[in-house]
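Inspection log for the structure reproduced underneath, given as structure tokens.
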Amino acid sequence: MGTRIFRFAPSPNGRLHLGHAYSALFNQKLARQAGGRLLLRIEDIDTTRCTPEFEAGILEDLDWLGIEWERPVRRQSDHFAEYEKELARLVAEGLVYPAFMSRGEIRAHIADAEKAGKRWPRDPDGTPLYPGSERNLTERKRRHLMASGTPYAWRLDMKEALLRFPRRLTWQEGGKGPDGQAGIVEADPDKWGDVVLARREVPTSYHLSVVIDDAQQGVTDIVRGRDLFHATPVHRLLQQMLRLPEPRYLHHDLVLGPDGRKLSKSNGDTALCEMRQAGRAPDDIRSRLGFTSVQAAP
């Protein structure tokens, strides 16, 4: 068995909070226990919200916490050409299609269906599935809409993908899912419907870029929050479609706020930099999160 490789992959669209600290410390602990490697990846495909200032803050916070990672750091924004190449292969194989419905049109379509008595399916996050009616547009119509500048997203044709890749999908779960799932877990990507894999202006999405990054970086162990547990079936399907290796997964508990909800940058939850400015020491943070000290490298 080769060296085990772990990664911590934050997005520089805000400052790190306690939930990020827990994930980074947990990845470091497991990597050191395994005699493995820890990588840092900056997931900055959202170029409108991700900034160099936030990235610099992430590096500062991690260094303050005592996290050690390998250099150089991989930035997703440096690899758009690689994501575009894999997307083009899926387009050529007829596994994705351009979808032109706006958010408003999607909402109206679903509202009309529900008014007519249809119970519209929703993904594991509670979002209504994409209608998928544009799967059947003619190639001529698609080219016309794309050439006219109509905004579109590239969506996975889930039905076609599952027809061509019918092999039973599972993953090895070292943690525990929201419903107690552990060990060998069955993956059911169909619950997500036709997920977005890229947009006209950005040649990738979280789902597509993360599986390509993990494969290119040789990541063997994906350790992340339980809120991403239900995304794993989509990732396992993409790994199969793109002929990528299958890593191990461990979805850890989330750090919750006083009201019981997941911490979030967008909700303005207390950032590590604010705790540092208030006089908190790294040991205080580690102890609060259950890490009594920085694990010494073996």
ask   = Could you say whether any residue in the stretch 180-191 is small (Gly, Ala, Ser), within 21 Å of GLN240 (Cα to Cα), assigned to a strand (DSSP E or B) and touching a residue at least 40 places away in the same chain (Cβ under 8 Å)?
value = no
message = One residue is enough: does the stretch 118-138 have a residue meeting the conditions under 23 Å from HIS251 (Cα atoms) and either in contact with a Pro (Cβ under 8 Å, 6 or more places away or on another chain) or part of a helix (DSSP H, G or I) (or both)?
response = yes
note = Checking ARG142, ARG167 in turn, the sole residue that is in contact with a Phe, Trp or Tyr (Cβ under 8 Å, 6 or more places away or on another chain), among the basic types (Lys, Arg) and not in a strand (DSSP E or B) turns out to be ARG142
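Of all helices (runs of 4 or more DSSP H) completely enclosed by the stretch 1-108, which ones contain at least 2 residues that are under 28 Å from PHE291 (Cβ atoms), touching a strand residue (DSSP E or B) at 6+ places or on another chain (Cβ under 6 Å) and small (Gly, Ala, Ser)?
On the way: elements: 18-33, 52-65, 80-92.
Ranges flagged: 18-33.
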request  = Take the residues in the stretch 217-251 that are of a type in the set (A, V, I, L, M) and within 17 Å of GLN28 (Cβ to Cβ), then tell me which one is surrounded by the fewest Cβ atoms within 10 Å (Cβ to Cβ).
outcome  = LEU250
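Just give me the residues in the stretch 109-134 being exposed (fewer than 13 other Cβ atoms within 10 Å of the Cβ), touching a strand residue (DSSP E or B) at 6+ places or on another chain (Cβ under 6 Å) and over 23 Å from ALA231 (Cα atoms), in sequence order. Outline the logic, then answer.
Going through the stretch 109-134, the residues exposed (fewer than 13 other Cβ atoms within 10 Å of the Cβ) turn out to be 111-112, 114-121, 125-127, 133.
Going one step further and asking which of them are touching a strand residue (DSSP E or B) at 6+ places or on another chain (Cβ under 6 Å), we end up with 120.
If the condition is that a residue be exposed (fewer than 13 other Cβ atoms within 10 Å of the Cβ), touching a strand residue (DSSP E or B) at 6+ places or on another chain (Cβ under 6 Å) and over 23 Å from ALA231 (Cα atoms), then no residue fits.
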ask   = With (1) at pLDDT below 95; (2) not acidic (Asp, Glu); (3) not in a loop (DSSP other than H, G, I, E, B) as the list, and THR232 as the residue in question, which single condition is left unmet?
value = (1)
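The values are calculated or read from the model by the stated rules, or taken from the named source; none is laboratory data. Computed from a predicted model, the values in this text were never measured in an experiment. Cβ atoms come from the backbone with ideal geometry, glycine included; neighbour counts cover every protein chain shown.
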